[in-house]
Amino acid sequence: MPDSKKRYYITTPIYYVNGEPHVGTATTTVLADATTRYRRLRGDNPYFLTGTDENARKVTEAAQKAGQDPQTFVDAVSLRFVETWKFLKCDYDVFFRTTEERHRQVVQAVFERLRASGDIYTGTYEGWYSVTDETFFRDSDVDAATGRVIETGAAVERVSEDTYFFRLSAYGERLKAHILANPDFLQPDTRRNEVLAFIDQGLRDLNITQNRSGWGIEVPGEPNRIIYVWFDALINYLTESGWPDSPDWRTLWPADVHLMGKEIFTRFHATLWPAMLIALGLPLPQHVVAHGWWLIGGEKGAKSKGNIPAPQDVVAMLQERSGAPQEICVDALRYYLLRDIQFSSDAEFSPDILLARYNADLANDLGNVLNRVLGANFFPGTIPTPRADRNITAKLRETAETSVRDYEAALERFDWGAALAAAWRIVGGVNDFLQETAPWKLAKAGDTEAVGDVLYGALEATRIAALLVAPAMPSAAAEMGRQLGVADIAAEGGWAEATRWGGLAPGTPAGASSPIFPRIDTRTANQAAPKKEMQKTVNPTNPTFSPIAPTESATSQASDTITIDDFARVQLRIADILTAERIQGAKKLLRLQIRVGDGDERQLVAGIAESYAPEDLPGKKIVVVANLQPATIRGVQSQGMLLAATDEAGRAILLAPDTPVAAGSKVK
Ligand code: ME8
């Protein structure tokens, strides 16, 4: 490593190669990649490690099942991870494999040091081992009736052997003191509390060798003993730094953040690993952060169950449905993973929600915002010059500035959902701004200078939104940059400057504009053919894909309450009724032509014929759900739904704004 300065070191778990990558493992890798890209923008010289954990027993069992020798098997599956991360534009600095010789040497060096210091000692282990979980369990962890681990449901085997222990029990108090003194060491708080409770129960010394030979890292000088795979695997983060021999190891160590799913947090990354580091006299990582799981039909998506889709299949489905280029669909998947993965809870992975996010957030909001300005017939072709003495953009500018601050604060917690929500506040701000300032009217009135003020404000705010989006969706942001005439929307190290209002250079020619995320027609979403794509999931042992039974979708498990995010997905808008007519043969229905903002005229079918005469409706303002899946009612297409109350007599009463407000205005 040529750098002498400390780098911002980000890691994902190193994944077991007993099965292929899927949207679960992809989530942590995309979280790490987006964080790396963000840190690069900030000039923090990040370093991103991912890789594979290859010495596990479950890996040899998977190789056996596949009829391959372990090395051939791990080489092939490991390559699938490399390919998948490249496909998802995850631009890591190192792909770490625990079968590398340099790693064996460091693991053995750690073992020797800790044996010399008395932290590793010999004893007899009597208890349970689960190969699925690669974890030792005590009697109280196992359901005697089923012979399975209570927490995970995994099968166990009885173990009784002379072995080596790591003196974990000696480190509980020091670890607790560190956790209490560093509130952002373990995140989120719910998990941190879980770890404190786990330590309070008393940490027990851990069996760290297994009596077998062959695949795995040997105890130094003892070919019949293999070092326990978790003791080996955790050390990967340190091996990469070059410790202990490289003079540069402090350039990477301590790691800035270890990212992972919640199941490997409490027992391994938040207790065993820091205890090993304290025993070695090494500094602890700055942050250890766990996210929740993707559930599939309410159950954890896992490669051992084969119930969770491969990212490539999800992207293929999006490509087929949208017609957008592959890299744009990759960005859409990245967006969904980052936006909807939860830190303090689990979330359902659902193609329906992905499609709803795609249409609402990407096609409607982000992808369209530029087109609304650059595609308008009054756009002059180059970035206009705003007049310095006009403050028409003051509110929009403030929205952009607070959103940048919110985004930064969210990313201090690695909370990409909140960060992206902040970026979307800018996009929403631009749409509101256009609605309020109505540049098309200014253009009609011939006020070119005022049009310039508005267009500059809208484009500048969009540039800042594109910058915030860039770490999550690099290809879409680059395309936005191209349309804005900005050479490098995400220039390395230019964060402070780039987030400042006024970065767009007046006079620069804009690129040709076209919608980046073509809308997906979701009317066919529930039909069998397209859904089949999503039924392809990862086969745990075979590097090809195999279909499995369809799973229940998230929408069918709705509970009574919704989150603010759920509500935010419903786009309520003010609309003007243009025309209204009866539908032949349908007593209750009217066909309405409505305008939902500039250039957005559509037809909807409403069941209000018994309450309103068609001739009374044109000119009325109503509230509509603008992003409702289109439907065909009595052979008439309906794009949206209007809101109406029902009175005691069962009559429909249209909801309307209490003062006239422009069509397209948001209702929230
Ligand atoms: O545990 N939802 O490897 P692993 C969200 N080799 N994330 C998920 C997920 C889901 N349903 N399923 C998996 C190991 N993940 C060890 C790690 S590190 C020194 C050794 C993600 O292949 C999540 O990051 O079982 C989880 O922690 C990881 O994959 C587990 O990967």
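The values are calculated or read from the model by the stated rules, or taken from the named source; none is laboratory data. Quantities reported herein were computed from a predicted structural model and do not represent experimental measurements. In this analysis, Cβ positions are derived from the backbone assuming ideal geometry, glycine residues included, and neighbour counts consider all displayed protein chains. For the accessible areas, the whole protein counts, side chains as well, though only heavy atoms, and no ligand, DNA or RNA atoms are used. Shrake-Rupley method; radii C 1.70, N 1.55, O 1.52, S 1.80 Å.
Per-structure values
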| item | result |
| --- | --- |
| Residue 159 paired with residue 570, simple spin-label distance in nm, labels 7 Å along Cα-to-beta-carbon | 5.3 nm |
| Theoretical gain in end-to-end length, residue 204 to residue 83 [0.36 nm per residue, Cα-Cα removed] | 39.6 nm |
| The stretch 134-213 shape via C-alpha gyration tensor axes, a/c threshold 1.5 | oblate |
| Local electrostatic count, residue 592, Cβ distance below 13 Å [Lys/Arg +1, Asp/Glu -1] | +1 |
| Normalised convex hull volume, the chain, alpha-carbon set, Å³ per residue | 187 Å³ |
| Theoretical gain in end-to-end length, residue 659 to residue 405 [0.36 nm per residue, Cα-Cα removed] | 88.1 nm |
| Euclidean distance between Cα centres, the stretch 109-159 to the stretch 195-236, Å | 9 Å |
| At R0 = 56 Å, FRET efficiency that the Cβ-Cβ distance of residue 246 and residue 193 yields, to 0.05 | 0.90 |
| Inter-label distance for residue 102 and residue 115, nm, one decimal - labels placed 7 Å from Cα along Cα-to-Cβ | 2.5 nm |
| Table column - 3J(HN,Hα) (Hz), the stretch 431-438, Karplus curve with 6.51, -1.76, 1.60, x for Gly and Pro | 4, 4, 4, 5, 5, 6, 8, 6 |
| C-alpha center-to-center spacing [the stretch 473-499, the stretch 52-105] in angstrom | 35 Å |
| Heavy-atom accessible area per residue - the stretch 311-498, 1.4 Å, Å² | 34 Å² |
| DSSP-loop trypsin sites (Lys or Arg not before Pro) across the stretch 567-632, with at most 10 other Cβ within 10 angstrom | none |
| Exceeding the 27 Å Cα-Cα cut-off - candidates 65/89; 588/668; 65/300 | 65/89; 588/668 |
| Mean residue ellipticity (222 nm) of the chain, computed from DSSP H runs ≥ 4 via -39,500 (n - 2.57), nearest 500 | -11000 deg cm²/dmol |
| The chain - percent of accessible surface contributed by carbon and sulfur, probe 1.4 Å | 49 percent |
| Phi-based couplings in Hz for the stretch 637-653 (Karplus 6.51, -1.76, 1.60; Gly and Pro marked x) | 5, 10, 10, x, 8, 8, 9, 8, 8, 10, 8, 4, 7, x, 7, 7, 10 |
| Within the stretch 247-310, trypsin sites (Lys or Arg not before Pro) in DSSP loop having at most 13 other beta-carbon neighbours inside 10 Å | none |
| Largest-first principal axis extents, alpha carbons of the stretch 311-498, Å | 52, 36, 29 |
